Each structure stands twice: as C-alpha cells, then as structure tokens.
1. Rounded to the nearest 0.05, what FRET efficiency do Asp332 and Arg34 give with R0 = 56 Å and r taken as the Cβ-Cβ distance? Could you check?
2. Please list 3J(HN,Hα) in residue order for region 235-247, calculated via the Karplus relation 6.51 cos²θ - 1.76 cosθ + 1.60 where θ = phi - 60°; whole Hz, with x for glycine and proline.
3. Compute the label zone of Phe177 within region 45-64: residues whose backbone N is under 19 Å from the point 7 Å along Cα-to-Cβ.
4. At 222 nm, what helix-only mean residue ellipticity would the chain give, in deg cm²/dmol to the nearest 500, using -39500 (n - 2.57) for each DSSP H run of four or more?
5. Can you tell me how region 239-320 classifies by the Cα gyration tensor, rounded, prolate or oblate, using a/c under 1.5 as the rounded cut?
6. Per residue, what accessible area does region 1-147 have, given a 1.4 Å probe and all protein chains present, in Å²?
7. Residue by residue through region 68-80, what is 3J(HN,Hα) from phi via Karplus (6.51 cos²θ - 1.76 cosθ + 1.60, θ = phi - 60°)? Round to whole Hz and write x for glycine and proline.
8. Of all beta bridges DSSP finds with both residues in the chain, what is the antiparallel percent, to the nearest 5?
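The values are calculated or read from the model by the stated rules, or taken from the named source; none is laboratory data. Because the structure is a prediction, the values reported are computed rather than measured. Neighbour counts run over all protein chains shown; Cβ positions are idealised from the backbone, glycine included. Areas reflect the complete protein model, heavy atoms only, side chains present, ligands, DNA and RNA absent. Shrake-Rupley method; radii C 1.70, N 1.55, O 1.52, S 1.80 Å.
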Amino acid sequence: MVHPQAASGERSFLFLQGPISPFFAEVAAGLRGRGHRVYRVNLNLGDRLFWRGPGAVDFTGRPAEWAPWIDGFLAEHAITDLVLLGEQRFYHRVAIVAAKARGIAITVTDYGYLRPDWITLERDGMGGNSLFPRDPAKILCLAADLAPADLTKRFRDHFPTQVLWVVGYHVAMLWPFSFRHFQNYQLIYPAWTYLLLGRRLLFRPLENHRSRRVLAGLQRRQAPFWLFAMQMENDFSVRAYSPYPDLDAALEETITSFARHAPGDAELLVKLHPLDPCVKNWPKRISAMARKVGIAGRVHVAPHGGLDAMLMAARGLVTVNSTATSRALSLDMPVKLLGQGIFDVPGLAYQGSLDAFWREAQPPDRTLRDAFFALLCAAFMVRGVYYGRPGLDAAVAATVERLDGGLVNLRLPARHR
C-alpha cells in the first residue's frame, strides 16, 4: 500500500539537520541512485562533516533571514520532499511551515518509539504532533490483518563510535567560521555536557551498584513501589509535548501527588536517564522535594541500573514521555503519561488523574497493545540504528525503500489522528 501523498517518477529531496551520523548522507546516496535529485542545507560546520555527495549548500545568514531564504530554496529547486531530524528545532519549524504551504511532503526521523534498534520515519511530526490514531477502535481496525510486531533485538549502536561522531560534530561547531549566526537548539553548552557526562560514565560501575542496592532494599522490604522514568531536559518530548517548563516541575508534581494520594506504605523510585549529564544534582533535588512534602524516607533515586528489573518489580510507571513506556506496556505494567504522545491511548495508558493513578491504574489491554505495536511498526518504524554497523546499513536500506516508495505513514490516512 502506497501513501496517497507519494509522487511518481523523479522527485527532489531536501535534507536538513539529521542524526550525527552518516545516516542522512547514505540515505541520500541511495535516493540519488534511484534517480531522484537530492539537496542538503548545512547550518553549521558539524553538518558539513557528515555529508558526502553533491547538492549541499550552506546557510550562513541570521536566524531572521532563514524563513525567506528556505522558502526561496524550496521554490527554486522544486522540492517535493523535506527530510529532517525532529520537527521542533527552530530551523526545522520554520522550514516545515514553508514546506506545508507548498504542499511538500515532510518526513521526520528520530530514535524509535520502540528501543533499542528501531528508527522512526513519520509524516509531518512526532510525539504530540504525530498522526498516529489515539482511538482504540481505529487502531484495532487498522491493525486487524497485520502480523504481530517482532520486537526481538537484532542490532545495537556502537557507543564508542557514537561518542566519537557526536564529540567531533560539536568540536567542529566551536569553529563557526561563516556559520557564526547559527542558533543552537540545545539548552546546555555541549562542551559542559560532555565533561559532566564523562564524569558519569567514569563512575558508571558505582552508579550501577547503588541502583542495585536501592532496588534490593525495596524488594527486601516487600514495599509496593512505583517507578518514575526521567528523560533529558533537552528532549523536545518534554520541552514541546508536555505542560512542564523543566523536569523539576514534573518531578515535584509527581512527588507531591504520591505523598497525598499513594498508599501509606508505598514508595517511589526515580530512575535517572543514563545519558543525563546531571548539570542539576538530581538526587539532591529529589530528596529536597520529598522532604518538603514529608516523605523523605519513601522516595529513592536509581542513578542507572537495569530498566527491566525495576519495571518487573514495580506496580507501575509514571513518566512525561519516555520510551520506557513501550517496555512497560510490553511487560503489562500500568502506565501514566504526563505529556502528550502516541502512547497516551485509552486502554494502554491510564486516562485518569495522576492522583488516582496510585490506587486505580490497570495493566494495558493486551489485544489493543499488540495491535498498537503492529500498526506502529507498519506505519512508520524501520529496523536499525544510527551508530553501528550492520544496524546502520539496515536503517539506511529500509529508509531509502520507504522514502522512494512513498511508504511513510503506511496504512494511515493523511490526517488520521
């Protein structure tokens, strides 16, 4: 089944910023080999490092000049398809507005909603902007004849390669040259982020030990506990698709609700994101929040540790929009989402208030969950990774196939919600 927006014959693809990886360059080469025209706009020196092949131009103007410049570029080169990583970066938001006005197909990619070896290819937007249906009946109908999703892990990223590429990209950005007006979307200066993350990686064995000890203590006491899975504050699923200005606000709301409405013998375990540089001292902040509402002894922090072990021992998961949700649903765990995302479907995630969740949450409906995963994979998930062979090769091949064949948002009507 071909998406109704798919065009026939030769098309013109424009790539903006992508993963810090050869992924976009290799996808572009595959599309070029199938007879399509391919263009790229570099917004900083790091972008140049990961593009090979013709069609690249630099935008060196000020942010205020971007809207007329990109609109002119789309018209001049008769662009039919815009491809980018995430839709919430400043340059991407502006380009999407211009592309929609011209009827250009927009494909957004990012890490997959399923982990660890899936990549998302989605029409128009992700998260709160996703066109994936939120109606259980529609999901069941659209997935009726699909085979169950195969969630067996096949590929993995190569972490040393990821570190090398990401650090190289941001080191290049330190030398702006003609890109001195580039507006970075990140909240924290990259060099500071890497320094602090390096400290966390150095002490990772200690973090794992502490996390195992915390979990063992909860299990030894046979205490009912709930898990809060943190994300990185830089994540647009927090910044754009939730009501919170930062994670402090989400944590404070959760801890306060837990103190007032959870069973008196219950405890709360907060798991830090493994790649959070911890610019904020989260254990200290979380402890202060717990003391403020009188439950200092009932709130614990796991700096790292195995997600599955925590989920299987917990009563349920609370998160803003973490992809830990997919794993919790796979394990039949009750889930409460505090943001707006594709998992927030009646029958999958709890639809009542956070205050009621602690006592009333139910596991997901298994039939709906299986249909959800099957449709999700068919609609806009491809198998592979950004930072390691052979997973990168698989992701590139599948992405070329979907873009060339107009197979993005497969089975979903153009504006289906």
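1. 0.85
2. Values per residue, Gly and Pro as x: 5, 5, 5, 8, 5, 10, 10, 8, x, 9, x, 6, 6 Hz.
3. 45-62
4. The helix-only estimate for the chain comes to -12500 deg cm²/dmol at 222 nm.
5. rounded
6. That works out to 38 Å² per residue.
7. With coefficients 6.51, -1.76 and 1.60, one gets x, 5, 5, 5, x, 5, 4, 6, 4, 9, 6, 5, 9 Hz.
8. So the antiparallel bridges amount to about 20 percent of the total.
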